[in-house]
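I have placed the structure first, in the form of structure tokens, so that the comments after it can refer back to it.
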Amino acid sequence: MSSTASEGAAELGRALAAIPSPQINAINIGPLPIHFYALCILAGVIVAVFWSEHRWAAMGGEKGTILDMAVWAVILGLIGGRLYHVISDAQLYFAPNREPIRALYVWEGGLGIWGAIPMGALGVYLVARKRGLSMSKLSFAIAPALPLAQAIGRWGNYFNQELFGRPTDLPWALEIYPSPEGGLRPGMLPGETTYHPTFLYESLWCLGLALLLAYLGRRFEDKLQGGRLFALYVMGYCAGRFWIEYLRIDPANDFFGMRLNNWTSLVVFLGALAYFVWAGRRLDSFSSAVVPHGHDAGTQVIGATAKGETVDDSTVYSAVEPEESALDSETSDSTEAGTEYHPSPERSSSEGSTEDDADDTGTDSGAKPQ
């Protein structure tokens, strides 16, 4: 009886300590259901855009740039994320007795980060190319914000009671309940009610990764340009996803003893590592423009360096309109031979005449106007 009582107390303690799952996953506003999964994704996007805008402005960029890009990045990211999920888990929608139309039900969960990030990056690239902005600088501003968005978005899996791990009796185990229809949810085992909260593991991992990237970006800013900070984000996420994926028991395709997402994590990690090394050898060749063409004559873009040149010796181009470039060229030709001209916002049209007047009056031509 003593042994039975101890086991009963232990079971009660675990039940009290376990994380309960929410009983609802949506609220109805009139006839329109608002799913918490979608709200979590939206909250992550808003926080990421706000933080990226702050980082971008601190780098000298125009406010509103990230918000403009976010529209295309989110749309393409959702399409890419859903496509990856549907293609990699096609049996969930196109197997016998399944409903293919549910492949369009994004609110029920199922967004593959492996498809969302590349397609979202494509959206950023298209806008950046049109405006003449540096993808290197943009990726530096966005990199820490992405894992923060993922940390928030993962709570959508909590409300949907999905993508949990193996059964466990740890104090922080997650209670999973049968579906409203009475059947077991995907991954549930008969007689088991508490599982590893893999959504929480990944959320905490991504939160820690966001803080680490923000610190590294501040501490080693010069060395992590050229997309290298973004590559660190990719490697960091892949490392966390690799071990978390081992805990999950939801239906997935296996290849050579590993889940598809494990293989994807490994391949993407190696690709990001290769890029990190490659970009580190050519940091001087990346654009540094943070203001669109024609908005600011002082915005500089580092041009390709000639053989044997350093970044200090390379040509500096301004993001200006052709007419402004021609005017700057004429002004540059009229200055003293050997003088290197770098357009900047502080340079005014009267600066050259001031120096000419100084020559005529016999004063020091090197004196700067007050």
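Suppose we filter Asn25, Asn97 for residues that are among the polar types (S, T, N, Q) and under 25 Å from Gly165 (Cα atoms); which single one remains?
Result: Asn25 is the single residue among Asn25, Asn97 that is among the polar types (S, T, N, Q) and under 25 Å from Gly165 (Cα atoms).
Which numbered condition trips up Ala103, out of (1) open to solvent by 60 Å² or more (accessible area, probe 1.4 Å); (2) touching a residue at least 12 places away in the same chain (Cβ under 8 Å)?
Ala103 satisfies every listed condition except (1).
For segment 74-116, how many residues meet the condition of being under 17 Å from the mean Cα position of the chain (by Cα) and among the small types (Gly, Ala, Ser)?
6
Would you tally the residues in segment 50-87 being of a type in the set (S, T, N, Q) and in contact with a Phe, Trp or Tyr (Cβ under 8 Å, 6 or more places away or on another chain)?
Count: 1.
Kindly indicate whether Glu108 is among the acidic types (Asp, Glu), without any contact (Cβ under 8 Å) to a residue 12 or more places away in the chain and surrounded by fewer than 19 Cβ atoms within 10 Å (Cβ to Cβ).
No; evaluated as a whole, the condition is false for this residue.
How many residues are in a loop (DSSP other than H, G, I, E, B) and of a type in the set (A, V, I, L, M) when one looks only at segment 91-116?
Qualifying residue count, segment 91-116: 2.
Hey, among Ser139, Ser52, Ser134, Ser88, which residue is polar (S, T, N, Q), at pLDDT below 90 and crowded, with 17+ Cβ neighbours inside 10 Å?
Ser88
Looking only at segment 60-73, count every residue that is open to solvent by 50 Å² or more (accessible area, probe 1.4 Å) and either aliphatic (A, V, I, L, M) or over 16 Å from the mean Cα position of the chain (by Cα) (or both) and tell me the total.
4
The values are calculated or read from the model by the stated rules, or taken from the named source; none is laboratory data. As the structure is a computational prediction, the values presented were derived from the model and not from experiment. Here Cβ is always computed from backbone atoms with ideal geometry, including for glycine, and neighbour counts include all displayed protein chains. Keep in mind that these areas ignore ligands, DNA and RNA; they rest on the heavy atoms of the full protein, side chains included. Shrake-Rupley method; radii C 1.70, N 1.55, O 1.52, S 1.80 Å.
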